[in-house]
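Shown next, in structure tokens, is the structure this report addresses.
Please treat every number below as a calculation from the coordinates, not as lab data. Quick caveat, the model's predicted, so the values are computed rather than measured. Here the Cβ positions follow ideal geometry from the backbone for every residue, glycine too, while neighbour counts run over all protein chains shown.
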Amino acid sequence: MINEKYFNSVIVLLLLLVPAWATASDEPFTITLITRAVVFSLAAVGLNIALGLGGLVSLGHAVFFGLGGYAMGILAFHAQTYSALFEWPFLIEGTKSMPLIWLVALIFCSIAASLIGFLSLRTSGVYFIMITLAFGQMFYFFSISWPKYGGEDGLSIYVRNGFPGLNTLIPLHYYGLCLVMLFLALWFSARLKKSPFGLALNAARQSPERVETVGLNGKRLKLIAFVISGAITGLAGALFADLNRFVSPTMFSWQTSGEIMIFVIIGGVGRLFGPVTGALVFVSLEHFLGGINDYWHVYLGLFLLGIVLLGKGGLVGILCGKEKINA
Amino acid sequence: MPEAVLSTRGLTKYFGAVVASENISLELKLGEIHAIIGPNGAGKSTLISQICGNIRPDLGSVFLKGADITKTSVRFRSRAGLARSFQISALAMEDTVLQNVVLGALGASGQPWRFFNSVMSDAHLKGTALSALESVGLTSVAHKRAFELSHGQRRQLEIAIALTLKPKAFMMDEPMAGLGAEGSSRMTRFLNGLREKAPILLVEHDMDAVFALADRISVLVYGKIIASGSVSEIRKDQRVREAYLGDYC
């Protein structure tokens with residue numbers, strides 16, 4: 001068994017060295033590829049808070065990924081066409097500023113997660129999975145049938161949005177930005193796990209009666225976790241849209257929800273670096289196997305099957321064993 | 001005569017045509033152990049659930065320290081000092097013993113909405129938890145995970161968690177279940193000391209434990225209390241013998 005701290009350090013080193021190598025050997029596509037992995041990681045770090053800590057099997061996280069994406073798409077679309085979003089009751093214009101776009105994404109995803117969580121948390125188990133999936137599909141079909149923002153074709157944004165002090169069109173700059181967001185989210189979720197809230201949430205997942213009998217509101221704990229989770233995944237959506245300079249209803253599709261969940265499961269549910277590990281493996285498989293064969297999902301399926309059959313802890317669980325107690 | 005810590009008045013609960021509780025009035029006084037006995041399906045667990053708030057009675061009321069708590073939630077009653085131990089232990093099994101008790105202290109503090117500071121380095125919560133663990137004698141296993149504990153230790157852990165909430169009354173649903181002879185006698189000694197902290201309403205099938213511990217016994221049959229009295233009164237009662245005890249005594 002590898003010490004989990006060493007394992008995590010290796011992943012961090014990988015995230016730092018691969019782009020350094022790519023820059024040195026002039027392989028900008030590798031940087032784009034690993035940026036994709038980092039953005040997926042961020043989305044999965046978000047889901048891991050609901051799934052790993054709260055035990056909420058959400059098959060609707062594409063809602064937040066897509067909302068983040070469309071927050072970027074819509075604001076940038078209005079900026080590039082010099083048209084206003086609203087003129088009444090007050091004027092709201094588009095923007096090409098990333099921090100502003102992220103803020104809008106976070107706010108809208110938090111609101112959406114509060115509403116979806118509030119309704120979905122009345123159920124549990126399979127019903128929870130189904131109702132979150134249903135919300136995902138609602139957003140998917142809504143985005144398809146709204147022609148103003150591209151409908152089925154999606155929205156193309158010609159120039160990547162700006163961040164003060166950086167040239168986001170340089171792949172390495174944009175990668176750095178995404179990596180910092182990922183590290184911030186990882187730091188936050190590590191703190192969250194050890195916090196009073198994390199302890200209570202973790203107990204609510206294991207035994208709902210237990211938290212109620214000590215006078216805590218288990219449902220509210222889970223709702224807050226769902227909101228935090230959705231907001232982080234939403235931020236990842238905004239970054240993903242900016243990476244591709246393109247948003248489409250695919251971001252809302254249930255396949256997207258499934259992929260985010262696959263990242264977490266491959267890596268290890270509830271483990272700090274599980275989502276990152278899973279996303280890195282997924283993007284590698286997608287790149288290398290996808291290059292060989294169009295039907296590479298078959299191999300992904302076999303791989304996922306192997307991981308799940310080998311044990312509950314995903315890759316991190318298989319390599320590092322059971323999680324240490326934080327005492 | 002001391003005032004009752006906990007009392008019920010005319011609790012009645014129907015499940016369809018089945019009477020689970022019929023006009024149940026009982027009292028739990030300071031320092032006593034009040035045992036509820038009766039055959040399977042008599043409505044003992046339903047009674048506990050109504051007192052703890054998981055089930056709403058159709059009629060009647062529950063009072064804690066004179067205040068009517070009939071319409072309050074499980075959470076409210078827990079914070080008001082109604083401590084419950086379950087028939088099947090309800091614990092965060094993957095967490096350590098200490099973490100489980102810190103959870104209780106956190107519930108008592110009423111402030112789980114803190115997202116950044118480390119809960120296990122909170123001196124106040126940890127102190128409360130450690131002293132609760134000490135009073136049930138689980139200090140030596142504080143860093144084991146809950147699932148590693150024996151049945152008896154899990155019960156003690158539930159009680160330790162309850163202690164962090166400064167309980168006014170304990171509701172215990174079959175604490176002797178699955179303990180074995182030696183475990184039962186150890187648990188009996190433990191509960192005997194615990195009544196000093198708060199009175200106990202004890203639902204139990206183990207008659208040795210009940211006769212050793214109870215100050216008062218109420219016999220529940222088909223949702224109705226058919227007899228209530230001291231150990232010797234209940235042992236002598238003809239109806240109780242017929243309904244439940246049989247040749248036991």
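Quick notes on this one:
- Here the Debye sum runs over all C-alpha atoms of chain B as equal scatterers in vacuum, and log10 of I(q)/I(0) at q = 0.07, 0.13, 0.14, 0.18 Å⁻¹ comes out as -0.24, -0.81, -0.93, -1.42.
- Calculated mean residue ellipticity at 222 nm for chain B: -10000 deg cm²/dmol, from DSSP H runs with n ≥ 4 weighted as -39500 (n - 2.57), summed, divided by the residue count and rounded to 500.
- Residues with amide H under 5 Å from that of B:V5, placed H, sequence gap 5 or more: B:L28, B:K29, B:L30
- Ratio Rg/Rh, restricted to the protein assembly as shown and using Cα atoms, in which Rh is the Kirkwood radius: 1.09
- Build a GNM of chain A with springs between Cα atoms under 10 Å apart, and of A:M251, A:M130, A:M72 the one that fluctuates most is A:M130.
- DSSP beta bridges in chain B [antiparallel fraction, %, rounded to 5]: 55 percent
- Within a Gaussian network of chain A (alpha carbon springs, distance under 10 Å), most fluctuating of A:G314, A:G270, A:G301: A:G301
- Sequentially through region A:80-88, phi angles give Karplus couplings (6.51, -1.76, 1.60; θ = phi - 60°) of 7, 9, 6, 10, 8, 5, 9, 10, 10 Hz, Gly and Pro residues having no value and appearing as x.
- The H on the amide N of A:R245, modeled in the peptide plane, is under 5 Å from the matching H of no residue at least 5 residues off or on a different chain.
- Whole-Hz ³J(HN,Hα) from phi, Karplus 6.51 cos²θ - 1.76 cosθ + 1.60, for region A:193-208, glycine and proline x: 4, 8, 7, x, 4, x, 4, 5, 5, 4, 6, 5, 5, 7, 8, x
- 19 Å Cα-Cα threshold exceeded, pairs from B:K44/B:K236; B:K13/B:K44; A:K194/A:K322; A:K193/A:K324; A:K222/B:K126: B:K44/B:K236; A:K222/B:K126
- Contour excess over end-to-end distance, with Cα ends at A:E323 and A:W254 and 0.36 nm allotted per residue: 21.8 nm
- Vicinal HN-Hα couplings computed from phi for region A:111-121 (Karplus, 6.51 cos²θ - 1.76 cosθ + 1.60; Hz; Gly/Pro x): 5, 4, 5, 4, 5, 5, x, 4, 6, 5, 6
- As a calculated quantity, the FRET efficiency between A:L115 and B:W113 at R0 = 25 Å, using C-beta atoms, amounts to about 0.80.
- Summed over qualifying helices (DSSP H, 4 residues or more, each -39500 (n - 2.57)) and divided by its residue number, chain A shows a 222 nm mean residue ellipticity of -23000 deg cm²/dmol.
- Using a Förster distance of 56 Å, the FRET efficiency for A:L169-A:V57 (Cβ separation, nearest 0.05): 0.90
- Counting only DSSP beta bridges whose two residues both lie in the protein assembly as shown, roughly 60 percent are antiparallel.
- Cα centre as origin, Lys/Arg/Asp/Glu Cβ charges: chain B dipole, Debye: 620 debye
- Positive-end residue, region B:162-249 charge dipole about Cα centroid, Cβ charges, pick of B:G180, B:G193, B:A243: B:G193
- Translational diffusion of region B:91-165, estimated by Stokes-Einstein from the Kirkwood radius over alpha carbon pairs at 25 °C in a medium of 0.890 mPa s, is 204 µm² per second.
- Efficiency of FRET from Cβ geometry, A:L309 and B:V18, R₀ 41 Å, rounded to 0.05: 0.35
- The Kirkwood radius of region A:169-327, taken over pairs of alpha-carbon atoms, gives through the Stokes-Einstein law at 10 °C and 1.306 mPa s a diffusion coefficient of 90 µm² s⁻¹.
- For chain B, relative contact order (Cα pairs under 8 Å, six or more residues apart, normalised by length) works out to 27 percent.
- Peptide ranges A:161-169, A:258-266 listed from the most packed, as the mean C-beta count within 10 angstrom indicates: A:258-266, A:161-169
- For GluC sites (Glu not before Pro), the sites in region B:1-90 that DSSP calls loop and that have at most 11 other Cβ atoms within 10 Å are B:E3.
- Amide hydrogen neighbours beyond the local backbone of A:L166, cut-off 5 Å, H modeled: none
- Distance between modelled label sites at A:D153 and B:F147, nm, 7 Å Cα→Cβ extension: 5.5 nm
- Sorted from longest to shortest, the spans of the Cα atoms of region B:188-230 along the three principal axes equal 31, 20, 16 Å.
- Only Cα pairs under 8 Å and 6+ residues apart enter the sum, and on that basis the relative contact order of region A:4-320 stands at 33 percent.
- Projecting the Cα atoms of A:A279, A:L91, A:P147 onto the charge dipole of chain A, computed from C-beta unit charges around the Cα centre, puts A:A279 farthest toward the positive end.
- For region B:168-249, the set of chymotrypsin sites (Phe, Trp or Tyr not before Pro) satisfying both a DSSP loop assignment and a count of at most 16 other C-beta atoms within 10 Å is given as B:Y222, B:Y248.
- Our Cα-only numbers for region B:1-99 put the radius of gyration and Dmax at 14.7, 46 Å.
- Cα centroid separation - region A:15-67 against region B:197-249, whole Å: 63 Å
- Evaluated with a Cβ-only charge set (Lys, Arg +1; Asp, Glu -1), region A:4-320 carries a dipole of roughly 1020 debye about its Cα centre, given to the nearest 20.
- Calculated on the Cα set of region A:4-320, radius of gyration then Dmax: 19.3, 60 Å.
- Degrees, to the nearest 10: B:123-136 long Cα axis against longest axis of chain B: 40 degrees
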